[in-house]
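Since the structure comes first, as structure tokens, the remarks are kept for the end.
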Amino acid sequence: MQQYGEVRMTTAFVRPDTQAMLAMLEQAMEVPMNEMEPAAAREVYVGMRFLVDAEPTELAVVKDLTCPGPAGDIKLRYYDKRENREKGPAIIFYHGGGFVIGDLESHHPYCTEMAAQMDLPLIAVDYRLAPEAPFPAAPDDCEAATRWIAENAKSALGIEIDGLIPCGDSAGGNLAIVVAQDLAKKNAATPVIAQVPIYPAVDSTAAGGSMDEFAEGFLLTKDSMDYFHKHYAGVAGDARCDPIHGDLANSPPTVLITGGLDPLRDQGRSYAAKLVEAGVPVTFMEAKGNVHGLICLRKGIPSSQQDVDGICNALKATLAAL
């Protein structure tokens, strides 16, 4: 049984507002998502946005469109603080949800906030989900969409892009890294200039440490991860599933945040350390006392706004140093 409110088996710091939200979800969630069929879990996940996430930030442009993909059209959503802008970089965002749940709606508030804070165009990608489309459908879609944006931004969006910034949380953080690695092997029409993996899943075989310490009681549970792994059917050790095994030396400057109470914390730390060893500029942050999924919890955990601000400020500093 998935337990939200009871903090157990850890001496780690837990923020008061984090504890309060976990207790609230303990009461609200009668059936854990990992005990639901994927279609039902997707509805619950999007519905939770209205309970725990902030309201969307107002922007001048929010536009839905599509691009061709390997198995049909891929839905995209273009966000921009400005109706007109000079040539510059764009953020390409891939949502989290274990490759099974999540869509353009689940991460809509965060995308509006990041686009506003960064004052950059942001294009979110609605890739295919498992189990209907298991690995490698998600990275295939994300790579195809990113290449299309690089080639067609001017004609489709009315903007000129001179740099790509893959970004995403959890499974989307995995996809951001995979896309950056794919585009390092075969360049897109526009170069990748930075990447922003947010509490990314980078190693499907990770065990011990934070995986055990936060296995239950902190929103993302071991049972949930087993559910996602089963449906995604990724190939362990394949760099497009486990990008910690990819070509790290050719990675772009990186902004990476982990959650202090996240089962994925230690693999995020390990990936950041390996980037540093490979000579890649890295800004690493840890949201101490906060849980996995924090970018979509700004109403449930108000202090998460500080973590989101930290991500954006670190990316601004990274881009200024290029």
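The values are calculated or read from the model by the stated rules, or taken from the named source; none is laboratory data. Computed from a prediction, not measured in an experiment: that's the story for all the values here. All Cβ positions, even for glycine, are placed from backbone atoms using ideal geometry, and neighbour counts span all protein chains on display.
Listed values, structure above:
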| read-out | value |
| --- | --- |
| Verdict on residue 273 being surrounded by fewer than 24 Cβ atoms within 10 Å (Cβ to Cβ), of a type in the set (A, V, I, L, M), assigned to a loop (DSSP other than H, G, I, E, B) and out of contact with any Lys or Arg (no Cβ under 8 Å at 6 or more places or on another chain) | no |
| Criterion (touching a residue at least 40 places away in the same chain (Cβ under 8 Å), touching a Lys or Arg at 6+ places or on another chain (Cβ under 8 Å), acidic (Asp, Glu) and not in a helix (DSSP H, G or I)) met by exactly one of 141, 182, 162 | 162 |
| Residue under evaluation residue 62, criteria (1) farther than 17 Å from residue 224 by Cβ; (2) out of contact with any helix residue (DSSP H, G or I) (no Cβ under 9 Å at 6 or more places or on another chain); (3) outside any loop (DSSP other than H, G, I, E, B), criterion not met | (2) |
| Subset of segment 140-160 [buried (at least 23 other Cβ atoms within 10 Å of the Cβ), touching a helix residue (DSSP H, G or I) at 6+ places or on another chain (Cβ under 7 Å) and hydrophobic (A, V, I, L, M, F, W, C)] | 142 |
| Residue list for segment 183-203, restricted to those being closer than 21 Å to residue 96 by Cα, surrounded by fewer than 24 Cβ atoms within 10 Å (Cβ to Cβ) and out of contact with any Phe, Trp or Tyr (no Cβ under 9 Å at 6 or more places or on another chain) | 183 |
| Extreme residue, nearest to residue 170 (Cα to Cα), among residues of segment 107-130 that are assigned to a loop (DSSP other than H, G, I, E, B) and out of contact with any Phe, Trp or Tyr (no Cβ under 6 Å at 6 or more places or on another chain) | 107 |
| Segment 297-322 residues that are more than 20 Å from residue 96 (Cβ to Cβ), paired with ones that are part of a loop (DSSP other than H, G, I, E, B) and β-branched (Val, Ile, Thr) (beta carbon under 8 Å, 6 or more apart) | 319/193; 322/193 |
| Pairs, first small (Gly, Ala, Ser) in segment 214-238, second part of a helix (DSSP H, G or I) and surrounded by fewer than 21 Cβ atoms within 10 Å (Cβ to Cβ), C-beta under 7 Å, six or more apart | 215/222; 224/34; 237/245 |
| Any hit, segment 189-209, residues being more than 27 Å from residue 46 (Cα to Cα), at pLDDT 95 or above, within 15 Å of the chain's Cα centre (by Cα) and in a loop (DSSP other than H, G, I, E, B) | yes |
| Selection count where residues are over 17 Å from the mean Cα position of the chain (by Cα) and either of a type in the set (Val, Ile, Thr) or at positive phi (or both), scope segment 222-253 | 3 |
| Unique match (being acidic (Asp, Glu), closer than 27 Å to residue 321 by Cα and in contact (Cβ under 8 Å) with a residue 40 or more places away in the chain) among 242, 266, 262, 247 | 247 |
| Selected residue [farther than 20 Å from residue 161 by Cα and either surrounded by fewer than 24 Cβ atoms within 10 Å (Cβ to Cβ) or at pLDDT 95 or above (or both)] from 89, 136 | 136 |
| Failed item, numbered, when residue 30 is tested on (1) loosely packed, with under 12 Cβ neighbours inside 10 Å; (2) modelled with pLDDT of 85 or more | (2) |
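Condition check ((1) touching a strand residue (DSSP E or B) at 6+ places or on another chain (Cβ under 7 Å); (2) within 21 Å of residue 216 (Cα to Cα); (3) at pLDDT 95 or above; (4) not basic (Lys, Arg)) across all residues:
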{"site": "2", "(1), (2), (3), (4)": "no, yes, no, yes"}
{"site": "7", "(1), (2), (3), (4)": "no, yes, no, yes"}
{"site": "18", "(1), (2), (3), (4)": "no, yes, yes, yes"}
{"site": "37", "(1), (2), (3), (4)": "no, yes, yes, yes"}
{"site": "57", "(1), (2), (3), (4)": "no, no, yes, yes"}
{"site": "67", "(1), (2), (3), (4)": "yes, no, yes, yes"}
